Amino acid sequence: MFAGLMAKRYGPAVGGLFLAFPAIFPASATMIENHEKQRKAELGMKGTLRGRMAASIDASGTALGCVGLAGFALVLWIELPMHNPLAIVIVATATWAILAYLLWAFRKG
């Protein structure tokens, strides 16, 4: 419902952003947790805690990637109307990579 309201207010491109993340992230987190539990079960151990930890690490990476993606979108939004599209996509991609890496390195540090 929220995605529909966002699409109605700001257009389908913005609404689509709110549709993709909630559909994909929970499925991937569940899959990671189940995979870790299954690996531990094959060794005769319970893997509940390890599965939850693996899913939480994935969630942390997802959050950092989202910040990088916001930087990508901001560069495109500001610069694309005035400059060469290919050059701006390259700069936006570099922005995403640098932001995501710096945030990851800061978190690890």
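The values are calculated or read from the model by the stated rules, or taken from the named source; none is laboratory data. As the structure is a prediction and not an experimental result, all values here were calculated from the model. Quick reminder, even Gly has a Cβ in these numbers, built from the backbone with ideal geometry, and neighbours come from all protein chains shown. Side chains included, ligands, DNA and RNA excluded: accessible areas come from the protein's heavy atoms. Shrake-Rupley method; radii C 1.70, N 1.55, O 1.52, S 1.80 Å.
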Notebook entry, point to check: Given a cut-off of under 8 Å on Cα pairs at least six residues apart, what relative contact order in percent is computed for the chain?
Noted result: 17 percent
Check: Measuring with a 1.4 Å probe in the full set of protein chains, what accessible area per residue, in whole Å², belongs to the chain?
Finding: 75 Å²
Notebook entry, point to check: Modelled label-to-label distance, Ile57 and Lys108, 7 Å Cα→beta-carbon offset: nm?
Noted result: 1.2 nm
Item checked: Fraction of alpha-carbon pairs over 19 Å apart in the chain - percent -> 62 percent
Next item on the list: Counting other Cβ atoms within 10 Å, keep those with at most 11, restrict to DSSP loop, and tell me which trypsin sites (Lys or Arg not before Pro) in region 13-109 are left.
Entry: Lys46
Notebook entry, point to check: Got a number for carbon plus sulfur as a percent of the chain's accessible area, 1.4 Å probe?
Noted result: 73 percent
Item checked: Kyte-Doolittle at least 0.0, axis length at least 20 Å by Cα - qualifying DSSP helices, the chain -> 12-42, 48-79, 85-108
Checklist line | Hydrodynamic radius of region 66-109 per Kirkwood, over alpha carbon pairs, in Å | finding: 10.6 Å
Item checked: Sequence-distant lysines (8 or more away, or on other chains) whose Cα lies within less than 27 Å of Lys108 -> Lys37, Lys40
Check: Pulled fully out, how much extra length does the chain show between Thr30 and Glu79, if you take 0.36 nm times their separation in residues and subtract their Cα-Cα distance?
Finding: 13.9 nm
Notebook entry, point to check: Which value, in debye to the nearest 20, gives the size of the charge dipole of the chain about its Cα centre, when Lys and Arg are +1 and Asp and Glu are -1 at the Cβ?
Noted result: 400 debye
Checklist line | At R0 = 35 Å, FRET efficiency that the Cβ-Cβ distance of Met1 and Leu43 yields, to 0.05 | finding: 0.20
Check: Contour minus end-to-end for Ala97 and Val14, with contour as 0.36 nm per residue of separation and end-to-end as the Cα-Cα distance?
Finding: 27.7 nm
